[in-house]
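Q: Provided herewith is a single structure, encoded as structure tokens, for subsequent inquiry.
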Amino acid sequence: MVNLFKKITEKQISRRTFLAATAAGTASLALAGCGTALAPVGAEYDAAAINGEGEWIPAACWFNCGYKCYNAALVVDNVVVRQKTDDTEPDSFSKPQLRGCLRGRAQQQQAFGADRLKYPMKRKHWEPLTGGDKSLRGKDEWVRISWDEALDYVAAELKHVKEKYGNSSILMPTWGSNMCDFYNTISAFGGYADVDDTSSVGTYKYGGGMVGIHNGGYGDANDRLDLLNCDTIVLYGCNPAWASAGLPSHNLIHAKEAGAKFIYVGPSYNESANLTDAKWIRVRPGTDTAFLLSVAYVMITEDDPLTNPLLDWDFLNRCTVGFDANHMPADAKLDENFKDYVLGKYDNHPKTPEWASEISGTPVEDIIWFAKEMHKDKKVSILHASAPARCNNADDFPQLLMTIAAMGGHYGKPGHSCGSGQYYCSTNGGPNLIRMGASGAPVIPNSCKEVITAPELWDAVLNGKYNRTGTTWEDFSSLWDPTYMGERDIDIRVIIHSWRNTLQTTQGVGKGIEAHRKVDFVFSCAYSLNISAQYSDIVLPIVTQWEKQSTYTYLTSYNRDMQFFPSRVMEPLFEAKSDQWIAVELGKRLGIDVNQAYPLSEEQQYFNCIAGTTVINKEGTDYETLVTITAEDLAWWEQKYGKVDGKPQQGHIGLRELMEKGIYKVERHEGDNYGAITYEAFVKDPEKNPLTTNSGKFEIYCQTKADIINRMGRSTLKPYPSYVQPLNGYEQSFKDWDKKIKGDYPYQVTNPHYLRRAHTGFDYLPWLREAMPNPVFISAVDAEEKGIKDGDTVLLTNPHGKVLRQASVSQRLMPGYIELPHGTWLELDEKTGIDKSGSDNYLCHPQTSGQGVSGYNTTLANLEKYEGEPLTPDHLWPMRVVIL
Ligand SMILES: Nc1nc2c(c(=O)[nH]1)N[C@H]1C(S)=C(S)[C@@H](COP(=O)(O)OP(=O)(O)OC[C@H]3O[C@@H](n4cnc5c(=O)[nH]c(N)nc54)[C@H](O)[C@@H]3O)O[C@H]1N2
Ligand SMILES: Nc1nc2c(c(=O)[nH]1)N[C@H]1C(S)=C(S)[C@@H](COP(=O)(O)OP(=O)(O)OC[C@H]3O[C@@H](n4cnc5c(=O)[nH]c(N)nc54)[C@H](O)[C@@H]3O)O[C@H]1N2
Ligand code: SF4
Ligand SMILES: [Mo]
């Protein structure tokens, strides 16, 4: 057997041979099926796999993809020659296989792709401390440098900027301390300006916890076994079939087989609606508040306690405040309530189905039908995503959906729930039955308190001012400090990209590029040349999670019934280094105490997580140690991954067995002790088990919400949910609303989280590009009007950007509505200003509203058939291979 890995790393192999062996960059390399295994990297390795050589290793799948599954890699001489998913046990409802999607099974191409960045590099026309020719950022050539040079350069830039302008001139967008291994180095160095991106959760970020539902609106639906009890399951603007690949679709099918009827509410009949044969309630993007207010109107006006009891008065009395004049909270400053608002008492404008229908596009009879389905005697579970909350002026959406559920009493009882159907907890809410332990790594707080709201980020860099209203993910407390909010000066000089691809995933890529060309210095850590790296001065190559024995955030503790424990699959490729190694080496150069910032090795941190993992006990009352560790286990770990400090302990499964299997599952049965009915204790006895709101109840009138969000200076919200016309929403697509004359940007665009990517991750893998094309979805009505046929290249334009894509014409979208999938890698022609990848954020308006939401789903654009050269399929485009 030729040791390809050795040849690659010792550079005895020509680049050409390596590309041929590993790139799969051409259409000729096919997805050769072999059970669940993927195509190999070459004939010799294929033979090795067929001959039964190599070792199967549980292998991480670590991107922010909406789920977490089991993956394994067959490793021969440090090269991954096959992949498979969960076959550790037979599949059953009580203990399902945690099967991965195509992306997970294509990780081999991520690790071994020809586009892997191999060495540290700098931009050819970059000059230390001045930036050199900054206009060349994004289009310059690259020059290989050594790690010492790279780290010395970065440290010199950071020191210079700190001395001259202070730490607030260093911008490092993060998802919080645990999502960026650089955090401690830069924090110990004095801190950095951060970004507040409501991203995943939209207006649930601040609008959830304040009104009584979980912060961010996560994990608050009932568990998967309780779905079997439902009469009706509403999928509210959520799409687990695409956005939570893995078990959620399976859970929905089981609920359907158990008799649940499905309803889908949203602007397109998506794959989850299709899977569950749901009744489609059409609602235009950003108009959910209008729709739900009219649902409330019907519930209120049709309710008759004797003949037609739609409303659950017992629930409203005991568990809520603010529904009507008789239930006002003690802290109310305004003598108004929700019910009277809906009936039109304050504005002579009852929120009737006819009123809503004009805005939301929902047929009046569907609004009435939906309202009746919310009947208190039906077992209804509403599973929502945050897509409807990722809209401008959707600040009242979380509170209003909660209100509708509360009106029907759909909380805290078997078969009744309202909570998140998005992300890792999709279709399986409730506390985790297996809890990963803590890594033991310290977190050094960031003492710099500049936090810029994401849609305003590039304006802040360009104009030197911003409105501080946001917080980091860990600590919302400054929201309560009235002196915190307001306009501030900011002078960003350095941008650090690590663990985020901010230039591509933040609204207003055009302005983002300008901002990148303005600052003094930009550096990135990356696997391959993503857009943020492309516009940097120095790029540092990092190892994938396959190349280290470490924990990683997106892995830990999400699926409540099971926990995956992957291991290192291979040695690092080329000169790629781990984030922590970079952070430590940089820290030394910056003069921080690296032993204090990083006292534990990455292997030790992962070991601590595993050793500290606990599992629910039989009675479902407490947690017990999961892993048994013996002296032999410690010796085994040391020999495989290096020495760690650990003590023998007694648990349910041996360390070595656990790591070889890579997964631990808790078996579930109907009536077991592990069911989760969220808010159950509160609903049984709200006085004894109050919520964290001022009143201790669900707040249909929430003074805190109005006071805090209005203080940000972008809104005049009522304390109860009311209708606010969205910025860049449906009404604004008209030049003249009364006469219904459309404006220059008449189409509403949203960004579905798309199958072939996890945000910008995976998008560059040719296997996935070939398997899953990336069109723009348009309605058959609009296509006919514009003379567009399926497959035609179309141009979407607005004042912020112009993008091309092939049209996929469908009956499943409302007319006037376009879906431009999220996360492509910008392919910008600077001469024409056209991006041919279909970059969502090139088109999304860099503007915000209310609490500072990233309102991607309120985007307006024009659509036309493209008269230029048609696009070629993107799996035929060259990979972004950097030749040094
Ligand atoms: N228009 C529009 N924009 C959106 C959205 C939308 O719907 N529409 N959705 C938003 C949402 S919900 C989210 S969550 C954000 C996501 O925004 P981002 O987090 O910026 O997006 P990702 O593409 O996941 O970027 C993660 C980056 O981290 C890198 N990475 C992965 N593992 C490691 C590692 O171990 N170390 C380091 N250093 N880097 C690593 C990946 O290669 C990738 O480049 O996007 C948001 N942007
Ligand atoms: N394949 C894939 N899966 C992912 C990700 C990914 O990038 N790719 N990212 C993950 C992350 S970080 C996140 S945050 C989640 C997001 O998960 P989701 O929010 O569930 O995903 P989306 O595709 O943005 O939206 C779901 C549905 O909402 C509908 N919708 C859009 N706007 C509105 C609206 O205003 N009102 C209503 N009623 N419906 C609307 C869309 O048509 C879409 O079908 O996905 C996760 N899963
Ligand atoms: S759903 Fe996510 S974790 Fe599961 S295989 Fe796909 S990409 Fe990997
Ligand atoms: Mo997200």
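The values are calculated or read from the model by the stated rules, or taken from the named source; none is laboratory data. This structure is a prediction, so every number in the text was calculated from the model and none was measured. Glycine gets a Cβ as well: all are built from the backbone with ideal geometry, and neighbour counts include every protein chain shown. Note: areas computed on protein heavy atoms with side chains; ligands, DNA, RNA excluded. Shrake-Rupley method; radii C 1.70, N 1.55, O 1.52, S 1.80 Å.
Q: Got a number for the accessible area of GLU864? Probe 1.4 Å, square angstrom, nearest 10.
A: Its accessible surface works out to 70 Å², give or take rounding.
Q: While we're here: How much accessible area does MET659 have with a 1.4 Å probe, in Å² rounded to the nearest 10?
A: Near enough 10 Å² of accessible area.
Q: Now a separate question. Where the only charges are on Cβ atoms (+1 Lys, Arg; -1 Asp, Glu), what is the dipole of segment 204-430 about its Cα centre, to the nearest 20 debye? Spell out each step's value before the answer.
A: Details: 18 positive and 27 negative charges, 109 e Å.
Dipole size: approximately 520 debye.
Q: Can you say what percent of the DSSP beta bridges in the chain, counting only those with both residues inside, are antiparallel? Round to 5. Don't skip to the answer; put the middle values down first.
A: Values: 52 of 98 bridges.
Of all bridge pairs located within the chain, approximately 55 percent are antiparallel.
Q: Let me spell out the model: positive unit charges on the Cβ of Lys and Arg, negative unit charges on the Cβ of Asp and Glu, origin at the Cα centre of the chain. What dipole size does that give, in debye rounded to 20?
A: Details: 89 positive and 110 negative charges, 279 e Å.
In total the dipole reaches around 1340 debye.
Q: Please give the contour-minus-distance gain from GLU638 to SER810: 0.36 nm per residue of separation, less the Cα-Cα distance, rounded to one decimal in nm.
A: Numbers: separation 172, 0.36 × 172 = 61.92 nm, distance 5.65 nm.
Gain on extension, GLU638 to SER810, equals 56.3 nm.
Q: Per 0.36 nm of contour for each residue apart, how much would the distance between THR621 and THR301 grow if the chain were fully extended, relative to their Cα-Cα spacing?
A: Contour length minus Cα-Cα distance gives 110.8 nm.
Q: Additional query: Work from the charge dipole of the chain (Cβ charges, +1 for Lys and Arg, -1 for Asp and Glu, about the Cα centre) and give the residue of ASN463, PHE93, TYR701 farthest towards its positive end.
A: ASN463
Q: Kirkwood hydrodynamic radius (Cα pairs, Å) of segment 204-430? Working shown, then result.
A: Working: mean 1/r = 0.0573 Å⁻¹.
Kirkwood radius, segment 204-430: 17.5 Å.
Q: Once the piece of chain linking LEU334 and ALA631 is laid out straight, how much longer is it, given 0.36 nm per residue of separation minus the C-alpha distance between them? Let's see the in-between values first.
A: On the way: separation 297, 0.36 × 297 = 106.92 nm, distance 6.65 nm.
Full extension of this stretch gives 100.3 nm more.
Q: Counting other Cβ atoms within 10 Å, which GluC sites (Glu not before Pro) in segment 450-484 have at most 16 and lie in a DSSP loop? Write out the running numbers ahead of the final one.
A: Working: sites: GLU450, GLU456, GLU474; in loops: GLU450, GLU474.
In loop regions of segment 450-484 (DSSP not H, G, I, E or B), the sparsely surrounded GluC sites (Glu not before Pro) are GLU474.
Q: What size of dipole, in debye to the nearest 20, comes out for segment 731-876 about its Cα centre when the only charges are +1 on Lys and Arg C-beta atoms and -1 on Asp and Glu C-beta atoms? Provide the component values of the computation, followed by the final result.
A: Numbers: 15 positive and 21 negative charges, 46 e Å.
Around 220 debye, computed over segment 731-876.
Q: Within segment 759-834, report the trypsin sites (Lys or Arg not before Pro) that DSSP leaves as loop and that have at most 11 other Cβ atoms within 10 Å. Walk me through the numbers on the way to the answer.
A: Working: sites: ARG769, LYS786, LYS789, LYS802, ARG805, ARG812, LYS831; in loops: LYS789, ARG812, LYS831.
For trypsin sites (Lys or Arg not before Pro) across segment 759-834 that sit outside H, G, I, E and B with at most 11 neighbouring Cβ atoms in 10 Å, the list reads LYS789, LYS831.
Q: A further question follows. Using only the alpha carbon atoms of the chain, find the Kirkwood hydrodynamic radius as the inverse mean reciprocal pair distance, in angstroms to one decimal.
A: Details: mean 1/r = 0.0353 Å⁻¹.
The Cα-based Kirkwood calculation yields 28.3 Å.
Q: Same structure, new question: Loop only by DSSP, 14 or fewer other Cβ within 10 Å of the Cβ. Give me the trypsin sites (Lys or Arg not before Pro) in segment 285-354 that pass, ordered by residue number. Each step should come with its number before you reach the end.
A: Values: sites: ARG318, LYS333, LYS339, LYS345, LYS351; in loops: LYS333, LYS345, LYS351.
Within segment 285-354, the qualifying trypsin sites (Lys or Arg not before Pro) (loop, at most 14 other Cβ atoms within 10 Å) are LYS333, LYS345.
Q: Right, next: Can you give the calculated 222 nm mean residue ellipticity of the chain, where each DSSP H run of n ≥ 4 adds -39,500 (n - 2.57) and the sum is split over every residue, rounded to the nearest 500 deg cm²/dmol? Can you show the working numbers first?
A: Values: 30 runs with 232 residues, N = 884.
The per-residue figure over the chain is -7000 deg cm²/dmol.
Q: Work out the charge dipole of the chain with +1 on the Cβ of Lys and Arg and -1 on the Cβ of Asp and Glu about the Cα centre, then indicate which of TYR153, ASN71, ALA676 is farthest towards its positive end.
A: TYR153
Q: Now, a different point. For the pairs LYS376/LYS705; LYS118/LYS518; LYS256/LYS376, note any where the Cα-Cα span goes beyond 25 Å.
A: Numbers: LYS376/LYS705 27 Å; LYS118/LYS518 28 Å; LYS256/LYS376 21 Å.
Violating the 25 Å Cα-Cα cut-off are LYS376/LYS705; LYS118/LYS518.
Q: Taking R0 as 56 Å, what's the FRET efficiency between HIS250 and LYS164 from their Cβ-Cβ distance, rounded to 0.05? Write down the numbers at each step before the final one.
A: Numbers: r = 57 Å, r/R0 = 1.01.
Between HIS250 and LYS164 the formula returns 0.50.
Q: I want to make sure I understand the PRE zone here: with the label point 7 angstrom from the Cα of GLU141 toward its beta carbon, which residues in segment 518-540 have backbone N atoms less than 20 Å away?
A: 529, 534-540
Q: Rounded to the nearest 10 Å², what accessible area does ILE434 have for a 1.4 Å probe in the complete protein model?
A: Surface open to solvent at ILE434 totals about 0 Å².
Q: Enumerate the aspartates and glutamates that LYS345 could reach by cross-link, defined here as Cα to Cα under 14 Å, with residues fewer than 8 away along the same chain left out.
A: Of all the aspartates and glutamates, those that pass the test against LYS345 - Cα under 14 Å, at least 8 places apart if same chain - are ASP324, ASP335, GLU336.
Q: Modelling each spin label as a point 7 Å along the Cα-to-Cβ direction, I'd like the THR130/ILE883 distance in nm, to one decimal.
A: 3.1 nm
Q: Tell me the Kirkwood radius of segment 731-876: reciprocal of the mean inverse pair distance over distinct alpha-carbon atoms, in Å. Don't skip to the end; give the middle numbers.
A: Values: mean 1/r = 0.0638 Å⁻¹.
Evaluated over segment 731-876, this radius sits at 15.7 Å.
Q: Moving to a separate point now. Dipole of segment 204-430 (Lys/Arg Cβ +1, Asp/Glu Cβ -1, origin at the Cα centre): which of TYR346, ALA387, SER294 lies farthest to the positive side?
A: Farthest along the dipole direction, towards plus: ALA387.
Q: From largest accessible area down, sort MET772, MET328, MET121; use a 1.4 Å probe on the protein chains.
A: Values: MET772 25, MET328 60, MET121 0 Å².
Heavy-atom accessible area, descending, gives MET328, MET772, MET121.
Q: How much accessible area per residue does the chain have, in Å², with a 1.4 Å probe?
A: Working: 31040 Å² over 884 residues.
Roughly 35 Å² per residue, with all protein chains present.
Q: Here's another thing I want to ask about it. How far apart, in nanometres, would the label points at VAL443 and ASN51 be if each is projected 7 angstrom from Cα along the Cα-to-Cβ direction?
A: Roughly 5.0 nm, to one decimal.
Q: Measuring from label point to label point, each 7 Å out along Cα→Cβ, what is the LYS831 to GLU784 span in nm?
A: Between LYS831 and GLU784, the simple spin-label model gives 4.0 nm.
Q: Rg and Dmax of segment 373-523, using alpha carbons, in Å: what are they?
A: 20.6, 63
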